[in-house]
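Shown next, in C-alpha cells, is the structure this report addresses.
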Amino acid sequence: MDALNTAKYELCLRLGDSALMLGNRLAEWCGHAHIIEEDIALTNISLDYIGLTRNLLTYAAQIQNLGKTEDDLAYLRDAHQYRNALLTEQPNGHFGNTIMRQFLYDAFSQLYYKALFESSDETLRGIAGKAQKETEYHYRHSSEWVLRIGDGTQESHEKAQEALDELWMFTADLFDTDEHYELLLKNKIVPDMGKIKEQWTKNVASVLKEATLGIPESTYMQKGSLQGIHTEHLGYMLTEMQFLQRAYPNSNW
C-alpha cells in the first residue's frame, strides 16, 4: 500500500476496533441490566457498534487488498495489532462504570462522525452519514443517564464520581494522532482532532456540571493505543472473542 492507503487503513482500524470493543462490552449486558428497557437499549446500541465495525473493517480489508474479510481483521489479529482507543476496552464494572465509559466515548464519537461526514473520501463519508445518526442517539442516551445517576441519590452520585475518576485518564488517548492521521488531515479526509477535542471538552464539562460531578484534578493521562499498546483488559477480551475462530478456523454456520 502507498502512504495514503496505509493511513486510511490505520484510520479504519482505529475507528472499527473501537466500535468492536464497545459492541462486545455492551453485549455483555444482555440479560443483566437492571430494567428490561435498558437491557434492550444497551443491546441495540451494541448492535449499532457491531454494524459500524463491519462497515469500517470491510473497507479496511478492501484497502489492504489481501483477500481478507472484516471477520479476519476482527478475530485473527494479536493484541498489539489492535488500534482501539484505550477507553473502549475498559471493563463494564457496575452500571455507573458502563454509562460513564459510554458517555465519555459517545461525546467524542457524535462529534467525530458528524465532522467525518465532510470527508473527501466517498466511502468514509457514507459510513459517517449512517453513523452520525446512531452516535447522536448514543450520546443522548448516555448523557441522560449521567445526569440521572450523578444528580440522583448519594450512592449513585458517589459511584458515578468514582467511575469518572477511574476512566478520566484514558480520555486523552481518544484525541491522539500520528503521522498517518496528519497525512489524512492534509488530504481533507479526516477532521481536525484539535477542534474535536475543544468541543468535546465543552460538552463534557457542561453535562458533568449539571450532573453535579467534578472533573478529576489528576493530570496523568495514559496513551499508546495507536502504537498497539493496551491495558491488560484487551487480552482477556480477545481470548473470549477469538476462541471460536482460532479453535475452528473458517467456521461457517
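Tabulated data for the structure shown
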{"quantity": "Among (1) touching a residue at least 24 places away in the same chain (Cβ under 8 Å); (2) part of a helix (DSSP H, G or I); (3) closer than 19 Å to G228 by Cβ; (4) not hydrophobic (A, V, I, L, M, F, W, C) - the single one Q161 does not satisfy", "calculated": "(3)"}
{"quantity": "Count of region 165-223 residues which are of a type in the set (K, R), outside any helix (DSSP H, G or I) and surrounded by 14 or more Cβ atoms within 10 Å (Cβ to Cβ)", "calculated": "1"}
{"quantity": "Among residues of region 224-253, those that are outside any loop (DSSP other than H, G, I, E, B) and in contact with a Phe, Trp or Tyr (Cβ under 7 Å, 6 or more places away or on another chain), counted", "calculated": "3"}
{"quantity": "E70 touching a Leu at 6+ places or on another chain (Cβ under 6 Å) and surrounded by 23 or more Cβ atoms within 10 Å (Cβ to Cβ)", "calculated": "no"}
{"quantity": "Residues of region 214-253 satisfying the condition of being polar (S, T, N, Q), within 18 Å of R14 (Cβ to Cβ) and touching a residue at least 60 places away in the same chain (Cβ under 8 Å)", "calculated": "Q222, S225, T231"}
{"quantity": "Any hit, region 71-86, residues being more than 27 Å from T239 (Cβ to Cβ), in a helix (DSSP H, G or I) and at pLDDT 95 or above", "calculated": "no"}
{"quantity": "Where D39 falls short, out of the listed (1) surrounded by 15 or more Cβ atoms within 10 Å (Cβ to Cβ); (2) farther than 21 Å from L87 by Cβ; (3) of a type outside the set (S, T, N, Q); (4) at pLDDT 90 or above", "calculated": "(4)"}
{"quantity": "Residue in region 132-139 that is farther than 23 Å from A41 by Cα, among the polar types (S, T, N, Q) and surrounded by fewer than 22 Cβ atoms within 10 Å (Cβ to Cβ) present", "calculated": "no"}
{"quantity": "Qualifying residue in region 103-114 (condition: part of a helix (DSSP H, G or I), buried (at least 22 other Cβ atoms within 10 Å of the Cβ) and of a type in the set (K, R))", "calculated": "no"}
{"quantity": "Number of the exception - T231 against (1) exposed (fewer than 15 other Cβ atoms within 10 Å of the Cβ); (2) over 20 Å from F108 (Cα atoms); (3) of a type in the set (S, T, Y)", "calculated": "(1)"}
{"quantity": "Test: residue in region 44-59 that is surrounded by 15 or more Cβ atoms within 10 Å (Cβ to Cβ), touching a Ser or Thr at 6+ places or on another chain (Cβ under 9 Å), not small (G, A, S) and not in a helix (DSSP H, G or I)", "calculated": "no"}
{"quantity": "Neighbours by Cβ (under 7 Å, 6+ apart or cross-chain): first from region 123-141, under 15 Å from Y49 (Cβ atoms) and touching a residue at least 24 places away in the same chain (Cβ under 8 Å); second small (G, A, S) and surrounded by fewer than 21 Cβ atoms within 10 Å (Cβ to Cβ)", "calculated": "H141/A41"}
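The values are calculated or read from the model by the stated rules, or taken from the named source; none is laboratory data. This structure is a prediction, so every number in the text was calculated from the model and none was measured. For neighbour counting, all protein chains shown are included, and Cβ atoms are generated from backbone atoms with ideal geometry for every residue, glycine included.
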